[in-house]
Structure formats: structure tokens, C-alpha cells
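Okay, structure first, notes after.
The values are calculated or read from the model by the stated rules, or taken from the named source; none is laboratory data. Bear in mind the structure is a predicted one, so any value in this text is a computation, not a measurement. Cβ placement follows ideal geometry from the backbone for every residue including glycine, while neighbour counts extend to all protein chains displayed. Just so you know, the surface numbers come from the protein's heavy atoms only, side chains and all, with ligands and any DNA or RNA stripped out. Shrake-Rupley method; radii C 1.70, N 1.55, O 1.52, S 1.80 Å.
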Amino acid sequence: SQTKPSPVKLYDFHPPVEDFRSAVLRGLSQPQKTLSPKFLYDKRGSELFDAICQLPEYYLTRTEMAILRTYAEDVAAALDHRVLVELGSGSSQKIRILLDAAPQVTTYVGVDISRQHLQEACAALMQDFGGLDAIAVCADYTQPLPIAAIPELQNRPTIGFFPGSSIGNLEPAEVISFLKTVAVLGDLIVGVDLKKSAAILEPAYDDAQGVSAAFALNVLERINRELGADFDLTQFEYRAHYNEDQGRIEMAIASLCDQTVRLGNAEISFRQGETLRTEHSYKYTVDEFQLLAMEAGFKPVQVWTDENQLFSLHHLKQ
Ligand code: AVI
């Protein structure tokens, strides 16, 4: 039997593997070994992240979905008739709540680095929302969007949707330059996780079932597979800690012994206890985030939160 061609239009700007190799080598040569969080999202990583979103400890996804459901009419009004561009769309679950409330939106553009995951998600949206044109753009959303190469984004009013507190994975200075870059999309709806106690935050990032650990360690498997490295995953351990002064969860992979890893022609040494930083996840108060948005030239016009003040959804205007 023949597989049906996907009805989804794909614009593919996936960075070449060479970029991955050089970024990994650069990151592992620094005194504090670091990998960009965007490398966590290969196919397996995206699946594991979806599993994180379902965990009882990971309150972010269900809280943001509840906020979207509660204020769907208000958020839908903010969308107006614009082309809805979702940055880091993943499996595009949240957008369904908005599309239900905003039948006037007829074009959706999902931007994500994980190509297959993105195509599947867009195909499912087109199947479930008759009349919706869902377009897949495989790209690193932290880089300027190649709008000139995407006809659906030209000469049409757009609005950016950036849920999930993915903005928290950028350093605060990067948030400002990122917001300036995505200002080409017009207004933005941004999900931002709020500051709260370490007793809630740390289990959200280091769950009892070990899915968060598997998600982080998967990047080592990806490096082994795609770059010909020989990380022994049994010799590394995941750690997550809330740094209250900095207002961020710090996620890292620690080496359990002194060891040397081969990566192509390079050799990378780890001391016992040395860490490889995989992610920061910043938490903001509503005021802190609005100040950052204003520094980037946006006007915060509305913020929606849940009753426990766990999570916030901001409408930023140009
Ligand atoms: C994608 N991002 C918002 C997640 C977060 O909460 O910072 C990534 C994550 N990493 C481990 N758990 C979740």
C-alpha cells in the first residue's frame, strides 16, 4: 500500500549537521561546558518533552492550557483575523484551544526545529480544523525568520504565539534581542512561567519517573548517533536546581567519574562531578517580564494568569 503524501506545505530551513557539530565542539570546549537547549529536540527529544508536559509535577502545560481555556474568547479577540504564527510549536496542542475559539483564523504557521514532529502536528490540525491552512516551517526560531521565503507571511497581518514559557530558556539579555527579532510578526502572545517556591519548581524539572533526566541525557545519545561520539550514558547523571538569586532552574548533566569522551577526531575530558549545562529555565514576576518586553519596544496590554499565580500569558503590542 502507498503512503498518502502529507497535505502540509513545508518550508525547510533546518540548519545543517555541520552547524550542530561545530556548536557542540564549541560548547564542550568552554570552561563551563554548555549545550544550547535547542539541541534537545530531535525526534526522541520532542517525544520525551511531550511526556514531560503530561507529568503530574510539570504544572506549566496544564496551567497554561487552563488559562487559555478560561480566557479563550479574550485571546481569540486579540488574534483578530491575522495569520497565526506559533514559534516552537511542538505538537501544537495549545493552539487547538485558540483555533476552537477563533474560527476567523484561517492560516496557521507552525515554526519548529523538529521537522517530522512539526509536519505530523500540522497535518493533524488540517484534518481536525476544516478550512484551516496549516503551514510547517522547520527552522530555529531564535534566528530571524526567513519571511521573504514564505509567501504566506508576506503582505498579511500576522500575530506571534510563543507559549510554554520557552522564552524562559533564553538568558534575559537574549529575551530582549529575541523579542526585537520577532517584532516583525507584529503583536505577540507569550507564555511565561512565574516565580514560585523551589518545592514546586525542582520536582517539575526532576520528576519521580525520570522523564526529565531521560530528556536531558537524550542529547548525549543524539551526539553519539549524529556526530559519532562515544558518551557512555551510565557514567553521567542529570541534575536540576533552583537558583533563587538568579530566578532560574539550572539543568545539567554531571560526570560520575573522570573520563574522556571521543567526538569524531576530538577528545573531551570530564572530571568527576564536572557538569555540562543543558538548560536554564528563567522564572519571572509579571512586572519583571513586562519590563523586559518594554525594553524590547513592546507595550504590555494584557496579562492573563491562573488563580494560583503559577503561570502567565502576556499580550504584547507593538
Ligand atoms: C521548553 N521549555 C519551556 C521547558 C522548560 O520548562 O524550561 C524545557 C524543559 N526542560 C526540562 N523540562 C522542561
Percent breakdown of C-alpha pair distances by 10 Å bin, ordered from the shortest bin, for segment 103-227: 10, 31, 34, 21, 3
For segment 208-318, alpha-carbon Rg over 2.2 N^0.38 Å: 1.46
Cα-derived Rg over Rh, computed across the chain with Rh taken as Kirkwood radius: 0.96
DSSP bridge pairs, the chain: antiparallel proportion in percent, nearest 5: 60
Debye intensity ratio in log₁₀ form over the Cα atoms of segment 90-129, taken at each q of 0.20, 0.23 Å⁻¹: -0.56, -0.73
Label-point gap, in nm, between Q259 and E174 - each point 7 angstrom along Cα→Cβ: 2.6
Per residue solvent-accessible surface (Å²) - the chain, probe of 1.4 Å: 45
Segment 40-60 residues near the modelled E221 label - backbone nitrogen below 15 Å, point 7 Å along Cα→Cβ: 40-52
Positive dipole terminus of segment 215-318, leading residue within A296, N265, L217 (C-beta point charges): A296
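Which value, in debye to the nearest 20, gives the size of the charge dipole of segment 231-318 about its Cα centre, when Lys and Arg are +1 and Asp and Glu are -1 at the Cβ?
On the way: 8 positive and 14 negative charges, 60 e Å.
That gives a dipole near 280 debye.
Could you give the dipole magnitude of segment 1-115 about its Cα centre, charging the beta-carbon of Lys and Arg +1 and that of Asp and Glu -1, in debye to the nearest 20? Kindly include the intermediate steps, with their values, before the conclusion.
Details: 14 positive and 14 negative charges, 75 e Å.
Its charge dipole is roughly 360 debye.
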Segment E295-R26, extension gain: residue separation times 0.36 nm, minus the distance between their alpha carbons: 93.8 nm
Crossing angle, helix 115-128 versus the chain [Cα axis fit, 0-90 degrees, rounded to tens]: 30
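Can you tell me the dipole magnitude for the chain around its Cα centre, using point charges on the Cβ only (Lys, Arg +1; Asp, Glu -1), in Debye to the nearest 20? Let's see the in-between values first.
Numbers: 28 positive and 43 negative charges, 118 e Å.
About 560 debye.
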Percentage of interatomic Cα-Cα distances in segment 1-156 larger than 23 Å: 45
Whether segment 1-74 is rounded, prolate or oblate, judged on the alpha carbon gyration tensor where a/c under 1.5 counts as rounded: oblate
Gain on full stretching of the segment that runs from A77 to K196 - 0.36 nm per residue minus C-alpha separation: 39.8 nm
